[in-house]
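First up is the structure itself, then whatever we jot down about it.
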């Protein structure tokens, strides 16, 4: 029986995911200094911290990085993010809880994340809306933040890094 005939596909659930290797930053600890300098620069870019946290979470949702989703949600809450905004982030285009600037940042982040999904990797309309909302320094911060989040997501997902134990 095929899916078209009404069956539901079986989804394998990994309750105890084992990493393929330890975190690459543990193997190469010297990368931590470079990553921290990018994080520090982005936090000085003028983009509100809550916007950065939303971007990190949205990129991590697109990439399916559970480790970044859990740690990102914790950081967003620390930055003052509400449960309503966090729970509607995946549907940000249709949720009334996000400002024009946040929508522009989320749209830009999604295009950066899905760069291979379109002939025009980051469409001018998306870029121009972000440029209307953010100055050049803030735009650079957003591009760096979305790109860095993609790096973290790709490292974690490809090596099956587990969700941290926060207890």
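For this structure, a couple of remarks:
Listed here are the residues, each with its yes/no results for (1) under 24 Å from residue 22 (Cα atoms); (2) touching a residue at least 12 places away in the same chain (Cβ under 8 Å); (3) not in a helix (DSSP H, G or I).
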site	(1), (2), (3)
121	no, no, yes
130	no, yes, no
140	no, yes, no
146	yes, yes, no
155	yes, yes, no
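- Remark: pairs (first residue in the stretch 82-98, touching a residue at least 40 places away in the same chain (Cβ under 8 Å); second residue surrounded by 12 or more Cβ atoms within 10 Å (Cβ to Cβ); Cβ separation under 9 Å; 6+ apart in sequence or on different chains) = 98/54; 98/85; 98/88; 98/89; 98/92; 98/106.
- When 97, 14, 56 are screened for being modelled with pLDDT of 95 or more and in a loop (DSSP other than H, G, I, E, B), only 97 passes.
- In the set (1) over 18 Å from residue 163 (Cβ atoms); (2) in contact (Cβ under 8 Å) with a residue 12 or more places away in the chain; (3) over 14 Å from the mean Cα position of the chain (by Cα), the condition left unmet by residue 111 is number (3).
- Residue 79 being surrounded by fewer than 16 Cβ atoms within 10 Å (Cβ to Cβ) and in contact (Cβ under 8 Å) with a residue 40 or more places away in the chain: no
- In the stretch 87-102, the count of residues that are under 11 Å from the mean Cα position of the chain (by Cα), within 17 Å of residue 45 (Cα to Cα) and surrounded by fewer than 20 Cβ atoms within 10 Å (Cβ to Cβ) is zero.
The values are calculated or read from the model by the stated rules, or taken from the named source; none is laboratory data. Computed from a prediction, not measured in an experiment: that's the story for all the values here. Cβ: placed from backbone, ideal geometry, glycine included. Neighbour counts: every protein chain shown.
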